[in-house]
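Presented below is the structure to which this report refers.
The values are calculated or read from the model by the stated rules, or taken from the named source; none is laboratory data. This structure is a prediction, so every number in the text was calculated from the model and none was measured. Heads up, the Cβs are rebuilt from the backbone with ideal geometry, glycines too, and the neighbour counts pull from every protein chain shown.
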Ligand code: URA
């Protein structure tokens, strides 16, 4: 498969995933296009099937996590039960049906901020002041006049500014716009469950979005739209400054728009998820957006996200119980 064809395929997959994320269930395709696609895909037999469609394969055993380093649990282990709850518990015992992980997928970096090194960490008192000052500046942002006109609030972010994990979503939806807090709607509830399944509390991580304002809808129509590249580019410096201050050990990009906002590129989330990337020297784990899991209530998809979270936990030395390791696998 040529690089150009691969790029086109990735862009198509990314576009379809985005439509899927918006609830679109079918797309019109001209018969001629379909015929051309069928013809063009004939040599694809030599392409790893995983790149085109998930295939079923038994889960390979995961390596056992190294013993957590002393102090590794700082702030993160929730005082409540370290055993996860409903995200996994509701599905425990179901058979896993998920694809083997694809090989490392390089992504072309087009975000000019993505390679900027982190500044030195601030001392705690200066950090508190700088974080509050940044929040004030973000809340007063007027750069995108169309978003300013439509918004109820600027959704800065929520959680612990000293968090070790920073979850990054796409943009506020209607619920978040009203609440002024990211991930408070249905997708947010699921994200909170996932964080809980990791043995953490929502307050011990940090959650932010690529865009701080809700993307406006034509005529105030319901629903959501994907942030445009110009909007992402305008807003990106705010997240950049948040990362300057938080300096998390790991970033989790939720969905293709988050990956695109951070790294740029056209590689679809289906190929990227589960494969460590790097943003400003910080390990970045791309995974599916919780809204995708809400629409695809399939154990195999939940397991994929859970595998990605296990990777994140291993990366920073969080303790992982046998029960956690086995979520969505056979009993
Ligand atoms: N989806 C997102 O990507 N971010 C939110 O804050 C809510 C839903």
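Looking at (1) within 25 Å of residue 120 (Cα to Cα); (2) away from the ligand (no atom under 16 Å from the Cβ); (3) surrounded by 22 or more Cβ atoms within 10 Å (Cβ to Cβ), can you tell me which one residue 278 breaks?
Only one criterion is unmet by residue 278, namely (3).
So the check is Cβ under 6 Å with 6+ separation or different chains; which pairs have a first residue in the range 240-261 that's farther than 11 Å from residue 285 by Cβ and a second one that's within 11 Å of the ligand (Cβ to nearest atom) and part of a helix (DSSP H, G or I)?
none
Take the residues of the range 184-212 that are assigned to a helix (DSSP H, G or I) and out of contact with any helix residue (DSSP H, G or I) (no Cβ under 7 Å at 6 or more places or on another chain): which is farthest from residue 237 (Cα to Cα)?
Top of the filtered list is 189.
Among the residues of the range 131-156, count how many are more than 16 Å from residue 206 (Cα to Cα) and surrounded by fewer than 16 Cβ atoms within 10 Å (Cβ to Cβ). Don't jump to the end; show me each part of the working.
Within the range 131-156, the first condition is being more than 16 Å from residue 206 (Cα to Cα), and the residues that meet it are 133, 136-154.
Those still in the list that are surrounded by fewer than 16 Cβ atoms within 10 Å (Cβ to Cβ) too: 133, 136-137, 139-140, 142-143, 145-146, 148-150, 152.
Of the residues in that region, 13 qualify.
State the number of residues belonging to the range 159-173 that are crowded, with 21+ Cβ neighbours inside 10 Å, touching a residue at least 60 places away in the same chain (Cβ under 8 Å) and either more than 6 Å from the ligand (Cβ to nearest atom) or not in a strand (DSSP E or B) (or both).
So the count comes out to 8.
Just to verify a result, which residue in the range 283-297, among those that are over 18 Å from residue 198 (Cβ atoms) and touching a residue at least 24 places away in the same chain (Cβ under 8 Å), is nearest to the ligand (Cβ to nearest atom)? Write out each step before concluding.
The first filter runs over the range 283-297 and keeps only residues over 18 Å from residue 198 (Cβ atoms), leaving 291-292, 294-297.
Now narrow it down to the ones that are touching a residue at least 24 places away in the same chain (Cβ under 8 Å): 291-292, 294-295.
Details: 291: 6, 292: 10, 294: 10, 295: 13 Å.
So the residue we want is 291.
Determine whether residue 203 is within 12 Å of the ligand (Cβ to nearest atom), more than 18 Å from residue 111 (Cα to Cα) and without any contact (Cβ under 8 Å) to a residue 60 or more places away in the chain.
Taking the combined requirement at face value, the residue does not satisfy it.
Okay, residues lined up against (1) in a helix (DSSP H, G or I); (2) closer than 19 Å to residue 245 by Cα; (3) at pLDDT 95 or above:
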{"site": "111", "(1), (2), (3)": "no, no, no"}
{"site": "119", "(1), (2), (3)": "no, yes, yes"}
{"site": "132", "(1), (2), (3)": "yes, yes, yes"}
{"site": "143", "(1), (2), (3)": "no, no, yes"}
{"site": "147", "(1), (2), (3)": "yes, no, yes"}
